[in-house]
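Since the structure comes first, as structure tokens, the remarks are kept for the end.
The values are calculated or read from the model by the stated rules, or taken from the named source; none is laboratory data. Note that the structure is predicted; figures quoted are calculated from it, not measured. So basically every Cβ, Gly included, is an ideal-geometry build from the backbone, and we count neighbours across all protein chains shown.
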Amino acid sequence: MDINFPAILVLATFVTGVIWALDALIFAPRRRAVLVPSGGAEVSSGQQEKVPLLVEYSKSFFPIILAVLLLRSFLVEPFRIPSGSMMPTLLVGDFILVNKFSYGLRLPVLNTKIVEIGEPQRGDIAVFRYPENPSIDYIKRIIGVPGDHIRYVDKKLYVNGKLIPREPVGKYVAGGASASMSGAMRYRETIGGVTHDILLRENGFRRDFEYTVPEGQYFVLGDNRDNSRDSRFWGTVPEGNLVGKAFFVWMNWDPVDGGITWSRIGTVVE
């Protein structure tokens, strides 16, 4: 079952805020009026105002929930990498932070853009809502922006007729949850001024294609080119599905080795 965490946060903020506001404006004054004698004498210690438990909880949790909602909606949001489609840049078990305002500020739940800030660029690692099932978050690298002509032939990538430069680094060696890709060729690729590594297998998946990116859409690929379901399979990402730009790995828990990979902590995502 998919849990809509933003909707839960918005609802919790609304409920606790309304309870706190109603009590402050209506019920608290009534309680105090009952306690104060008609002559205006002081209230004894045994007659102190008793605040309902629900109101106490609402007053305590409302500012915390509101702060989490604002932070998660407009600044940064944590995500976990569940698959190896972005290896070697991102590994299975990485916990990353995503910049939520890189591509403009959006209202939570509605995802309506309210402030234009920046545009996605080629080379960005973007989190987005999967077009075929928006309840699922995906992460890939942006290869093509609106109007770009993308061509992928013999595992070579061309953007607007120009071959994207890459150079071999050597065989990829990894353990734990990433061990399945050991032996793949590692290449250093540069696109949009961003230099990053990709993985290719000599006899791996092959899918040649050409595509022109429509207006308001983005073409994405996984860095693990032979092991990624991306725009080659299901098409482009609508601008409205973008969530933010990944920028930092704050922890890695390897599900195979069952422990923290300390060397991954603090990795800057490029």
All positions within the range 84-132 that are over 30 Å from Gly183 (Cα atoms), polar (S, T, N, Q) and touching a residue at least 24 places away in the same chain (Cβ under 8 Å): Asn99, Ser102, Asn111, Gln121
Lys140 vs. criteria modelled with pLDDT under 95 and surrounded by 14 or more Cβ atoms within 10 Å (Cβ to Cβ): no
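Might you let me know whether the range 159-169 holds any residue that is in a helix (DSSP H, G or I), assigned by TED's automatic domain parsing to the domain that holds Ser263 and either closer than 21 Å to Val92 by Cα or over 26 Å from the mean Cα position of the chain (by Cα) (or both)?
no
When you scan the range 77-105, how many residues do you find that are in a strand (DSSP E or B) and surrounded by fewer than 16 Cβ atoms within 10 Å (Cβ to Cβ)?
3
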Spans of strands (runs of 3 or more DSSP E) in the range 204-265 with at least 1 residues surrounded by fewer than 16 Cβ atoms within 10 Å (Cβ to Cβ) and touching a residue at least 40 places away in the same chain (Cβ under 8 Å): 209-212, 242-254
